[in-house]
Each structure stands twice: as structure tokens, then as C-alpha cells.
Amino acid sequence: MNRRHTHPLVDRFWSRVTGFADRGVLWFTAAGVLAVVGRRRAAARGILSLLAASALTNLIAKRVFGGDRPLLADIPVGRRLPRQPSSRTFPSGHSASAAAFTAGVALESPGIGAALAPVALGVGYSRLHVGAHWLSDVVGGLALGAGVAALGAVVARPR
């Protein structure tokens, strides 16, 4: 998949998706919108899930499991990120944050969570498209993020 060439507009789209998800900007923006429209509990659970998943991913899981990123030489130039990540690869932090936020929101507001699910999956795919992760990294991140949100539901029951 990494050697596959796609249209430059497609590459730019996925690069922007992954860039907008950097440091949780996409999810903090979504939480702000949710808070403004009166879904504060869903926004709060989403953000708390994201923060917990991000900490678990970046402070523990990447150090324990690690792994090397795909070879840059295998990624067409138009799909490469401007700056390559330097952290270990497993699990994908972008995917963990996306799944944690989306699942956290879904616990409080299933309809909104369902609407966010394709966006979260898109963020995961974007990490594959730009060559930052392997499929196993993305799947692992999605599972970790969803698991953190589920654990959060056990700790603090949704309404």
C-alpha cells in the first residue's frame, strides 16, 4: 500500500486530515462545538477519554511495544508528511485519540458518536496514507482508545 501512487489532491486531503488531528486539535474543536450546542457532558467525556488514551499511548504503550515506522523510501514524495514523527510506532496515538474521543462522546450521545465515527476512522486511515504507521499500529490505537473510553464508562457511568 505504501508504494501506491494517488492523485495529488487525495494526498493533500489526507495530509490535512492527519495534520488537523495533530495534538488533538480536531477533537478539541469538536468538543468546543459540542459544548456550545449544549452537549457539555459528551464533550467532557470525549476529552477526558482522549487525554487518558493519549497519556497511556505516549507515556507507556509506545515505550513498551515500540516498533519502527514504515521506510520513508517506500512512501511516494507527495504522500509524505512535512516532518516525520520521531516516536515509536505502536500504537498510533492519532488513532487512539480519535477512538477515545469518539467512543467517549458516543457513551453520552450515541447519535453524535455515530456521526463522528467515520471521521475517527478517517484519521486512522490518514496515518496509513501518509506512511506514518503500519495497519497494526492503527488498529492497536483504535482498540486502545475505545478500551480507555469503555473503562471510563465503568469508572463514571454515562447518563
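The values are calculated or read from the model by the stated rules, or taken from the named source; none is laboratory data. Keep in mind that this is a model prediction, so the values were computed, not measured. In this analysis, Cβ positions are derived from the backbone assuming ideal geometry, glycine residues included, and neighbour counts consider all displayed protein chains. SASA here: full protein model, heavy atoms, side chains in, ligands and nucleic acids out. Shrake-Rupley method; radii C 1.70, N 1.55, O 1.52, S 1.80 Å.
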- For the chain, what is the largest minus smallest coordinate of the Cα atoms on each principal axis, given in angstrom and ordered from greatest to least? 49, 35, 20
- Query: Rounded to the nearest whole Å², what accessible area per residue is found for the chain with the 1.4 Å probe?
  - Reply: 53
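By how many nm would the segment from Ser136 to Ala153 lengthen if fully extended, with 0.36 nm per residue of separation less the alpha-carbon distance?
3.6 nm
Could you tell me what percent of the accessible area of the range 109-159 is made up of carbon and sulfur, with a 1.4 Å probe and every protein chain present? Provide the component values of the computation, followed by the final result.
On the way: 1830 of 2390 Å².
That share works out to 77 percent.
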- Rough spin-label spacing in nm, given labels placed 7 Å along Cα→Cβ, for Leu72 and Val10: 2.5
- Which one of His133, Leu121, Gly19 has its Cα pushed farthest toward the positive end of the charge dipole of the chain, where Lys and Arg give +1 and Asp and Glu give -1 at the Cβ? Gly19
- Report the semi-axes of the equivalent ellipsoid for the range 1-95 in whole Å, largest first, where each axis is √(5λ) for an eigenvalue λ of the Cα gyration tensor. 29, 20, 8
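Can you tell me which of 45-54, 98-107, 84-93, 7-16 comes out highest on packing, and rank the rest after it, using the mean Cβ neighbours within 10 Å?
Working: 45-54: 24.4, 98-107: 29.9, 84-93: 19.3, 7-16: 13.5.
Answer by packing, highest mean first, reads 98-107, 45-54, 84-93, 7-16.
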- Query: For Phe90, which sequence-distant residues (separation of 5 or more, or a different chain) have an amide H within less than 5 Å of its own amide H, given hydrogens modelled in the peptide plane?
  - Reply: Gly66, Gly67
- Roughly how many debye, to the nearest 20, is the charge dipole of the range 65-120 about its Cα centre, given +1 on each Lys and Arg Cβ, -1 on each Asp and Glu Cβ, and no other charges? 260
- Rounded to the nearest Å, what's the spacing between the alpha carbon centres of the range 1-74 and the range 95-112? Just the number, please. 13
